[in-house]
Amino acid sequence: MKKIIVLVVLLSLSVSLFATGTKEASVSTAPWQEKGTVLSDVRVRQALLLAIDMQTIVDELFEGMAERAISMTSPGVYLAEGLESYDYNPEKAKALLQEARWPKDYTLDVVYYYSDQQTVDLMAILQQYWAAVGVKSSFRKLEGDLSAQLWTPPADRKVGPSEVKWDLAYAAVAALSENEFYDRFESTASNNSTIPYQEGLDELVKATRATADVQKQIEAFKALQREINKNMYNIPLYHQLSFIYISDKIDLKQNALGNDQFSYEKNILDWTTTRPDGMIYSNGGPMEFYEAPVVNPGLYLYQELLFDKLINADENLTPTEGMLAKSYTVSADGMQITFDLRTDVLWHDGRRFSSDDVLFTFEYLIKTPGLNAVALNTLKSISGADAYLEGKASSISGVRVEGNKVVVTFETLDPNALLTFSQWPILPKHLLGSSNPVLFQQNAFWQNPIGTGPFKVAQTVMDNYAILERNANYYRTGSGNIKKIYLHASKENDGNLIKNAESGRIDYAWSKSVADAQAIEKIAHMTVNPVNIRYTRLFWVNQYPHPANK
Amino acid sequence: MISFIIRKFLLLIPLLLVISFLIFLGMELMPGDAVDFMIPPDALATISQAELDLLRSELGLDAPFLVRYGTWLVNLVQGDFGYSLQSGVAVSSLLANTLPATLELSLAALVLSTLFGSILGVVSALYKGRLSDNVLTVMGMIGVAIPQFLFGLIMIVVFVFKLGWFPVGGRLTVGNEAFLQRLDHLILPSVVLALSMTAGVMRYCRSSMLDSLNKEFIKTARSKGLPPWRVNLVHGLRVAMTPVAVLIGFRLPMLIGGSVVIEQVFQWPGVGQMFVSAVRSQNTPIVMMVAFFSVLIVLIASILVDIATALLDPRVKLS
């Protein structure tokens, strides 16, 4: 807190040093005026980032537990080389603003939708940084129908006017695939509320989806990043880390740690514990209901352990070997995937798993509102999906069941198809077959879910705890001794995590909270493991005119 | 007295109607609706408005306000409390799961605070101006002033982390589900809740007792040669308890919603936690039922207070 106050005070002082130097703009028309918004000028967008000392914010506000972003893509093979980093340079920011004839009396309307203290502190700091280069800004928290207020695109994608009524929106993108970062840059994207049609940009976005060749995909993403970076179509701020907390009572047997917002093979059947009863403790137990794996299919440990997927994934979320499918093959053009299903799999209630469950799951999830965009895109890319959704067909024709084989034929190439099949679980047709997919989460199934995974529900005391026990019928055995998993009831942000960890009642848990990580780091029997995840905080910049920014 | 009680209960009906309408209206005036809270804000960017509208329609959220209120009211009259918009679980089942936990905690705190508050209040009054009175007065002030969450956290640090006497939270542990087996879970939260309530009862009882001891009938009793314990504890305390009974009566509504903070601190799975979560997520059926029962208890408590006052104070007549 002291550091934040010092930062704000220093910035306030610098306002008086820098802000007074701005010259009155010339009376001739500024280049951006015909487009109706000052934010249409790339120099202004660049200046807004140059004015922010993001590295200091990361070091001071986040105490180094985040990473400064120069692209939406996190560091790794997908990050383009040679991007302009727009390092803190208030003098250059002022010069660019002057060149662009920034209207001194204009106040940027900045919106955000998080209510945590760190966001509020960050907004206060950014306001001071911008004030230091002569940019006034006001901040407000959005409430209510966020989707309509943030992502409604304009009717005219070239000139607007904007349907959303703000200049900058502070947001986060938690991406399962790189496409989740970049699909919205396409001028036709249903959630592109800020970036007008730009020549060549749509083609660059489409190129990322045009090939099943991973190397070519990477190159396409890099080319797109360079274009976005040069034109500053949005302002990336920092990559958030995830923190995995592990007690000294368990041994993960060197299994790699990954992005716990999604599913990856932890080999939990091989883990060992020194607790004599074989119980390990975690959080994320159900509060009122078990959460259906729709948006983030691995957010809670139970989602990952109760349900199996067709394909497994490693800690980088890269699809690996088969899971419910003992093997799978992808055609050379990527337009057909054949899954050869296991025959030794039972649901937790004893019923046999079959290819009918696979077909049912595809047809069910495609009609479930809120399904993650990656999965929805995969399912919609299957031949006959449109006809099925429109009610013209009773089944998705592109999914063919041949005994224990399921053959999926695509109408359009989806480079993320394997990713989808490694994340979204297969659901039991015999329990959900007659239910309404629109009210999937409201189904009684989520009071006591039945899956095929390595653990099953043994006991649930809603809002209190749940106990998972090892599935004796699971088709794989492990070398570990964990018999049960105790889940303290909590949502993703667990206010009791630190207390429970301190009292020895957490063996494995994760969060994205820097405050949690800082506190748990001080507990002798716990270790904190930072993990890079695809989670980027940024500003969306409204480059369409709207009544306020004319 | 019977006709008074019947009249009072009949008056409850229009009162409940008006209050329930106002609560429903309050929920309506909040920005957004339940669907906005079902999907994380980050994920909303990739979900079409048509999908969200379909979900709204299936949940009945697209009907006009008065139709929704009317439906809720008709269902209530038929004994149907509705379903949670988040999980589809009947509100009656949710209440059946959470209410016992809250009642257990609140009743324990109410009994403890009434017992200790009354005893300490009487002691404080009888030893007015002496060391024990001053000590109790200061303790009472501290009890009123200290926030419950802070007190709860201090108790956790001392009795859980340092001494290891109690579990850190929750209502029960695996395999120990009988009341006596889970008593160790109840002690810390109920004592914390009771201590902050004790201070109020104690201060109220002290001033009421002092007032009572200065009354004419007490002087008469003393002049008749009655022993001091009889004068103080029988004649004095009976009258002194009237305002205390009023205070306790008005605390009955907290049996449902008064322990929200303590429930959060001690991970106690009660109505308070559920209510806070329901308000945040605009889960109207849950909010309506919890609020409805809270209001009902407030109104019934006020009738009970009237009756208790008449029973305790011979000067009060119900009419």
**Prompt:** Given H placed on each backbone N at 1.01 Å, which residues far from A:G285 in sequence or on other chains put an amide H within less than 5 Å of it?
**Reply:** A:H488, A:A489, A:S490
**Asked** Computed from the mean reciprocal separation of all distinct C-alpha pairs, what Kirkwood hydrodynamic radius does the range A:177-233 have, in Å?
**Response** 11.4 Å
**Fill in**
Within 10 Å of the Cβ of an average residue in B:48-55, the count of other chain Cβ atoms is 5
**Complete:** From fewest to most C-beta neighbours within 10 Å, the residues A:Y233, A:Y106 line up as A:Y106, A:Y233
**Message:** Distance cut-off 25 Å, Cα to Cα: go down the list A:K35/A:K136; A:K429/A:K483; A:K158/A:K206; A:K522/B:K162; A:K216/A:K512 and report the pairs above it.
**Reply:** A:K429/A:K483; A:K216/A:K512
**Message:** Suppose R0 equals 35 Å. What FRET efficiency, 1/(1 + (r/R0)^6) with r the Cβ-Cβ distance, do A:A95 and A:T318 give to the nearest 0.05?
**Reply:** 0.20
**Request:** Shielding by partners for A:141-150, please: the mean number of other protein chain Cβ atoms within 10 Å of each residue's Cβ.
**Result:** 6
**Request:** For the range B:1-72 and the range B:279-309, write down the distance between their C-alpha centroids in whole Å.
**Result:** 16 Å
**Asked** Quick one: which of A:88-97, A:274-283 comes out on top by average Cβ neighbours within 10 Å, and what's the full order, highest first?
**Response** A:88-97, A:274-283
**Loop-located GluC sites (Glu not before Pro) in the range A:390-443, at most 14 other Cβ atoms within 10 Å (DSSP)** = A:E390
**Asked** Which residue fluctuates the most in chain B, going by a Gaussian network model with Cα springs under 10 Å, if the choices are B:T242, B:T102, B:T46?
**Response** B:T46
**Message:** So if the hydrodynamic radius of the range A:78-199 is defined as the Kirkwood radius over C-alpha pairs, what does Stokes-Einstein give as its diffusion coefficient at 20 °C and 1.002 mPa s, in µm² per second?
**Reply:** 128 µm²/s
**Asked** Rounded to the nearest 0.05, what FRET efficiency is calculated for B:I2 and A:V120 with R0 set to 56 Å and r the Cβ-Cβ distance?
**Response** 0.45
**the range A:367-464: trypsin sites (Lys or Arg not before Pro) in DSSP coil with no more than 15 other Cβ atoms inside 10 Å** = A:K392
**Request:** Taking DSSP loops as anything outside H, G, I, E and B, show the longest stretch in chain B free of chymotrypsin sites (Phe, Trp or Tyr not before Pro) there with at most 16 other beta carbons within 10 Å.
**Result:** B:180-319
**Request:** Consider just the alpha-carbon atoms of the range A:135-261 and return their Rg together with their Dmax, both in angstrom.
**Result:** 18.6, 60
**Message:** Per q in 0.13, 0.18 Å⁻¹, report the Debye log10 I(q)/I(0) for the range A:295-347, using one uniform scatterer on each alpha carbon and no solvent.
**Reply:** -0.39, -0.71
**Item:** Part-to-part distance (alpha-carbon centres) for the range A:217-280 and the range A:117-144, which is given in Å
**Value:** 30 Å
**Complete:** To the nearest 20 debye, the protein assembly as shown has a Cα-centred charge dipole, built from +1 on Lys and Arg Cβ and -1 on Asp and Glu Cβ, of 3740 debye
**Message:** Based on alpha-carbon centroids, what's the gap between the range A:461-534 and the range A:333-392 in Å, whole number please?
**Reply:** 31 Å
**Asked** Which shape class, rounded, prolate or oblate, goes with the range A:509-550 when its Cα gyration tensor gives a ≥ b ≥ c as root eigenvalues, a/c under 1.5 marks rounded, and past that a/b bigger than b/c marks prolate?
**Response** prolate
**Item:** Computed log₁₀ I(q)/I(0) - Debye formula, equal Cα scatterers, no solvent, the range A:358-509, q 0.09, 0.10, 0.14, 0.21 Å⁻¹
**Value:** -0.41, -0.50, -0.88, -1.35
**Prompt:** Taking the C-alpha atoms of the range B:172-319, how large are the radius of gyration and the largest Cα-Cα span, Dmax, in Å?
**Reply:** 20.5, 65
**Item:** Tail weight of P(r) past 18 Å, computed on alpha-carbon pairs of the range A:217-347, percent
**Value:** 70 percent
**Prompt:** When the convex hull of the C-alpha atoms of the range A:275-415 is computed, what volume per residue in Å³ does it have?
**Reply:** 156 Å³
**Asked** What's the average, rounded to a whole number, of partner chain beta-carbon atoms within 10 Å of each residue's beta-carbon in A:453-463?
**Response** 3
**Prompt:** Stokes-Einstein D for the range B:211-262 at 20 °C, 1.002 mPa s, Kirkwood Rh over Cα pairs, in µm²/s?
**Reply:** 166 µm²/s
**Asked** For chain B, which longest stretch is free of loop sites, where a loop site is one of the trypsin sites (Lys or Arg not before Pro) that DSSP puts outside H, G, I, E and B and that has at most 15 other Cβ atoms within 10 Å?
**Response** B:1-127
**Request:** Bin width 10 Å, alpha-carbon pairs only: give the P(r) of the range A:426-550 as whole percents, running from 0 to the bin holding the largest distance.
**Result:** 9, 25, 28, 22, 10, 4, 1
**Prompt:** Cα-Cα pairs above 24 Å in chain B: how many percent?
**Reply:** 65 percent
**Prompt:** For the range B:152-244, what Kirkwood radius comes out of the mean inverse Cα-Cα distance, in Å?
**Reply:** 16.5 Å
**Fill in**
Along the range A:179-188, Karplus-curve 3J(HN,Hα) (6.51, -1.76, 1.60; θ = phi - 60°) to the nearest Hz, with x for Gly and Pro, reads 4, 5, 6, 10, 4, 6, 7, 6, 5, 9
**Request:** For the range A:410-489, divide the Cα radius of gyration by the Kirkwood radius and give the resulting Rg/Rh value with two decimals.
**Result:** 1.04
**Asked** Looking only at B:S223, B:S132, B:S294, which one moves most when chain B is put into a Gaussian network model with springs between Cα atoms under 10 Å?
**Response** B:S223
**Request:** Using all C-alpha to C-alpha distances in the protein assembly as shown, build P(r) with 10 Å bins and read off the rounded percent in each one.
**Result:** 2, 11, 18, 21, 19, 14, 8, 4, 2, 1, 0
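Computed from the coordinates by the stated procedures, all read-outs in this text should not be read as laboratory data. Bear in mind that the values here come from a model prediction, so they are computed numbers and not experimental data. Cβ sites come from the backbone with ideal geometry, for glycine too, and all protein chains shown count toward neighbours.
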